Amino acid sequence: TVAVTIQEVGKSFGNGTPALADISLDVAPSELVALLGPSGSGKTTLLRIVAGLEQPSAGRVLFDGEDALSVPVRQRGIGFVFQNYALFRHMTVAENVAFGLRSRPRAQRPSEAEIRTRVADLLALVQLEAFGGRFPAQLSGGQRQRVALARALAIEPRVLLLDEPFGALDALVRKELRKWLRELHDRTGHTTLFVTHDQEEALELADRVVVMGKGRIEQVGTPDDVYDRP
Ligand code: ADP
Ligand code: ADP
């Protein structure tokens with residue numbers, strides 16, 4: 001598990017106000033940090049820069065002190081989960097989870113037996129042991145997000161990036177998954193950046209909350225630092 005250092009990162013799309021300005025943030029190994037802010041505050045752009053899906057206009061991103069931006073996206077070791085679970089519809093749950101491993105170059109690909117064992121372990125971890133043979137359309141929204149998380153974890157990522165992973169789910173399921181994710185994180189310990197615009201979600205889940213607004217960091221602290229709680 002790695003430390004992520006974001007140094008003076010800026011991003012301009014060339015249309016007026018920058019999407020990000022002078023963002024600096026140190027994320028400790030195994031820390032779960034929530035990026036909290038309204039729509040348009042730059043959360044997704046920051047996540048995409050850490051993932052390598054977007055180049056910053058300024059600044060640096062380091063993983064364990066080493067420049068991450070010069071490492072090709074596929075070798076950066078990122079597990080990414082999106083709001084609209086990008087599961088492959090024509091693949092079973094197990095095939096979805098195995099996808100990242102099976103698409104590795106032959107030299108880095110585990111054997112088929114190893115892949116099967118790993119997928120079974122991951123499905124157990126996300127409490128979907130019995131669902132490996134189903135298709136995404138046969139699952140609930142919450143179950144699909146758990147598959148998406150298992151798929152992200154399959155590649156043994158160095159950093160886990162979650163972009164409003166529960167945003168499309170109803171309030172009750174969100175609450176359940178929040179607790180579940182916190183427990184999962186306590187067991188697996190991935191360095192995690194979690195984007196949300198839900199204050200309660202950030203409070204309940206994160207070790208630290210980064211409050212963003214208009215492309216800048218407005219506040220950083222533990223949930224207790226950031227909010228007055230009764
Ligand atoms: P958030 O995730 O907090 O909703 P975003 O990072 O998606 O915020 O967006 C931050 C700002 O950058 C917004 O003003 C958005 O319109 C702009 N932006 C994001 N992506 C692009 C893009 N590809 N081209 C132009 N502007 C963009
Ligand atoms: P938003 O931030 O507006 O909710 P998404 O998070 O769904 O949008 O997607 C953000 C971007 O990431 C999109 O441009 C999409 O093409 C890209 N993307 C989606 N799935 C993947 C993936 N598995 N790997 C890499 N890029 C992806």
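The values are calculated or read from the model by the stated rules, or taken from the named source; none is laboratory data. Everything numeric in this text was worked out from a predicted model, so none of it was measured. All Cβ positions, even for glycine, are placed from backbone atoms using ideal geometry, and neighbour counts span all protein chains on display. What goes into the accessible areas is simple: the full protein's heavy atoms, side chains included, and nothing from ligands, DNA or RNA. Shrake-Rupley method; radii C 1.70, N 1.55, O 1.52, S 1.80 Å.
Can you list residues whose amide H is under 5 Å from Ile217's amide H, if they're 5+ apart or on another chain and H is modeled 1.01 Å from N?
Close amide H contacts, sequence-distant or interchain: none at all.
May I ask you to derive the FRET efficiency for Asn84 and Lys214 from their Cβ-Cβ distance with R0 = 30 Å, giving the value to the nearest 0.05?
The calculated FRET efficiency here is 0.75.
Using a 7 Å offset from the Cα along the Cα-to-Cβ direction at both Glu129 and Arg116, what is the distance between the two label points in nm, to one decimal?
Rounded to a tenth, the inter-label distance reads 1.8 nm.
Using a Gaussian network model on the chain with a 10 Å cutoff between Cα atoms, which of Val173, Val50, Val119 fluctuates the most?
Val173
If you average the alpha carbon positions of region 59-110 and of region 150-194, how far apart do those two centres end up, in angstrom?
If you average the Cα positions of each part, the centres end up 15 Å apart.
Just to confirm the number: angle between the C-alpha axis of helix 112-125 and the first principal axis of the chain, 0 to 90 degrees, nearest 10?
Taking the Cα atoms of the chain, the angle to 112-125 is about 60 degrees.
Report the Stokes-Einstein translational diffusion coefficient (µm² s⁻¹, integer) for the chain, Rh taken as the Kirkwood radius over Cα pairs, at 37 °C with viscosity 0.692 mPa s.
181 µm²/s
Would you mind estimating how fast region 83-220 diffuses translationally, via Stokes-Einstein at 20 °C and 1.002 mPa s with the Kirkwood radius over Cα pairs, in µm²/s?
134 µm²/s
Calculate, for Lys175 and Ala137, the FRET efficiency according to 1/(1 + (r/R0)^6) with r their C-beta to C-beta distance and R0 25 Å; round to the nearest 0.05.
0.50
What spacing in nm lies between the two simple spin-label points modelled at Leu62 and Ser12, each 7 Å away from Cα in the Cβ direction?
If labels sit at Leu62 and Ser12, their model points lie 2.6 nm apart.
Under a crude label model (7 Å from the Cα following the beta-carbon direction), how far is Val73 from Asp22 in nanometres?
Placing both labels 7 Å beyond Cα along the Cβ direction yields 3.0 nm.
I'd like the carbon and sulfur percentage of the solvent accessible area for the chain, probe radius 1.4 Å, heavy atoms only, ligands and nucleic acids excluded.
Whole-percent figure for carbon plus sulfur exposure: 49.
Using a 10 angstrom cutoff on alpha carbons, build the Gaussian network for the chain and name the most mobile of Thr196, Thr188, Thr92.
Maximum fluctuation in the GNM of the chain, among the listed residues, is at Thr188.
Per residue, what accessible area does the chain have, given a 1.4 Å probe and all protein chains present, in Å²?
Per-residue accessible area for the chain comes out at 49 Å².
Pick out which of Gln83, Gln143, Gln108 has the largest mean-square fluctuation in a Gaussian network model of the chain, springs linking Cα atoms closer than 10 Å.
Gln108
Divide by every residue of the chain the summed helix terms, -39500 (n - 2.57) for each DSSP H run of at least 4, and state the resulting mean residue ellipticity at 222 nm, rounded to the nearest 500 deg cm²/dmol.
-10000 deg cm²/dmol
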